[in-house]
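J.: Quick one: this structure, given as structure tokens, is what I'll be asking you about.
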Amino acid sequence: MKTIFQYLKSYVSENFNWRLYSLFGIWLFILFVFNYSLDFEDGYVDRIKNFPGRFLGHFLLMIVPYLGACLLLVSFEKSDFLKSKEFWLKLILAFSLLAFYRSAYFQKLFCSFFDIKACIFLYKIAIKFFRLFILLLPLLIFYKMDKKDMVGFYGLTFSPKHLKIYVPLLLIMAVLIFLSTFLQSIQDFYPMYFKSGGIAFAKFNNWPNWATIAAFEVSYLSNFISIEFFFRGFLIFSFVRLLGPQVVLPAVCCYAVLHFGKPFVEAFSSIFGGYILSILALKTKNIWGGIFLHVGIAGLMELFAWIT
């Protein structure tokens, strides 16, 4: 924990600005009130049936908060990164990928290849692995441009470092996660397996329940590798040359909005979790710690939800 505190203290002492952070907090407050008072994501965006409309909805839902935070940075940092063609090219591609990641729906096509009852369960497993490649492979386009300023592929290296500094943080989070599972909103949302169709799949295809649970949880947890890669990898390491160390704030804002389909307490806590993980990624030049922590938190949330 001492190392983590040192990293956080160093970053905050160098970059904290009361006025900027206050306006950033107001921007987040507006976004949260807008979404949770109108049930915007669940009630509108996620209910769009056609792919073009769903894609556009998710694209705007994610890019508007990011750009709003960028405008705040420009007004304080006197930076001209908004005039950069590189910035807009990366931004449009990155958020197009994210929108496709969130809106792509191939269930009918997928299930047409399999004569299996309750096929939706297999689809939900396959799509999570597919989405991992959706984010990783296209961003190779920018890797030549960015690689001289980073270690590994946007923080993904063959030698995970700094993992031990995250263990105490995960233990602290384990206590908070366990307590949160007694909240009704969390109990209504978790475990995610109950929404996967795994129970019906096991029943109709004579699979043991433990096998469907294990298959789903592995695919579910793999989803957090792609999330860490995008939010702590690409949005930090690819944009830091343009935005400077304050690159953390727009990434955090966008990451919080990603949680709008989840219970309010989880979405709100993602602001602080995203802020800490973004700083640690920036300081360590590595995202394996974030992957370890994120997968651990998600796994514990599922485990404790089963228990409670």
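Read-outs throughout are calculated quantities, based only on the coordinates presented, and are distinct from any laboratory measurement. Just so you know, these numbers come straight off a predicted model, no measurement behind them. Here the Cβ positions follow ideal geometry from the backbone for every residue, glycine too, while neighbour counts run over all protein chains shown.
J.: Just grab the label-to-label distance for Ala200 and Leu171, each label 7 Å out from Cα along the Cβ direction, in nm (one decimal).
T.: Inter-label distance under the simple model: 4.4 nm.
J.: While we're here: Per DSSP H run of at least 4 residues, take -39500 (n - 2.57); add these up for the chain, divide by its residues and hand me the 222 nm value, nearest 500 deg cm²/dmol.
T.: -22500 deg cm²/dmol, from helical runs alone.
J.: Between beta-carbons, use under 11 Å as the cut-off and find the net charge around Glu86, counting Lys and Arg +1, Asp and Glu -1.
T.: So the surrounding residues net to +3.
J.: Place +1 on the Cβ of every Lys and Arg and -1 on the Cβ of every Asp and Glu in the chain, take the dipole about the Cα centre, and give the residue among Ser22, Leu163, Pro52 whose Cα lies farthest towards its positive end.
T.: The residue sitting farthest along the positive end of the dipole is Leu163.
J.: Return the whole-Å distance between the Cα centroid of the range 133-208 and the Cα centroid of the range 63-88.
T.: 29
J.: Neighbour counts of other C-beta atoms within 10 Å: give me Asp39, Asp46, Asp188 arranged from fewest to most.
T.: In increasing order of surrounding Cβ atoms, one gets Asp188, Asp39, Asp46.
J.: Oh, and also: Where the only charges are on Cβ atoms (+1 Lys, Arg; -1 Asp, Glu), what is the dipole of the range 58-145 about its Cα centre, to the nearest 20 debye?
T.: 180
J.: Kindly state, to the nearest 0.05, the FRET efficiency for Phe129 paired with Ile307, given R0 = 25 Å and r defined as their beta-carbon distance.
T.: 0.35
J.: Here's something else I'd like to know. With labels modelled as points extended 7 Å from the Cα through the Cβ direction, what inter-label distance (nm, one decimal) is found for Lys85 paired with Phe29?
T.: Placing both labels 7 Å beyond Cα along the Cβ direction yields 4.1 nm.
J.: Could you point to the residue in Phe237, Ser222, Phe178 farthest towards the positive end of the range 161-254's charge dipole, with +1 and -1 charges on the Cβ of Lys/Arg and Asp/Glu respectively?
T.: Farthest towards the positive end: Phe237.
J.: Using a Förster distance of 41 angstrom, determine the FRET efficiency expected from the C-beta separation of Cys111 and Val74, and round it to 0.05.
T.: Once the sixth-power term is evaluated, E becomes 0.30.
J.: Between Ser37 and Met145, what FRET efficiency comes out of the Förster formula 1/(1 + (r/R0)^6) with R0 = 51 Å and r the beta carbon distance, rounded to 0.05?
T.: That pair, Met145 with Ser37, gives E of 0.80.
J.: Pairing rule first: another cysteine's C-beta must sit under 4.7 Å. Under that rule, which cysteines of the chain stay single?
T.: Cysteines of the chain left without a disulfide-compatible partner: Cys70, Cys253, Cys254.
J.: Considering only the other residues whose Cβ falls under 10 Å of the Cβ of Leu139, what net charge follows from Lys and Arg at +1 and Asp and Glu at -1?
T.: 0
J.: Ok, one more. For a quick check: sort Lys85, Lys128 by the number of other beta carbons within 10 angstrom, fewest at the front.
T.: So the residues, fewest neighbours to most, are Lys85, Lys128.
J.: Here's a follow-up. Quick check on the exposure proxy: order Leu258, Leu98 from fewest to most C-beta atoms within 10 angstrom.
T.: Listing Leu258, Leu98 from fewest to most nearby Cβ atoms yields Leu258, Leu98.
J.: While we're here: Compute the length gained on full extension between Asp188 and Leu163: take 0.36 nm times their separation in residues and subtract their Cα-Cα distance, giving the result in nm to one decimal.
T.: Taking 0.36 nm per residue and subtracting the Cα distance, the gain is 5.8 nm.
J.: Just want to confirm a number: the relative contact order over the chain, from Cα pairs under 8 angstrom separated by 6+ residues, in percent.
T.: About 28 percent, as a whole number.
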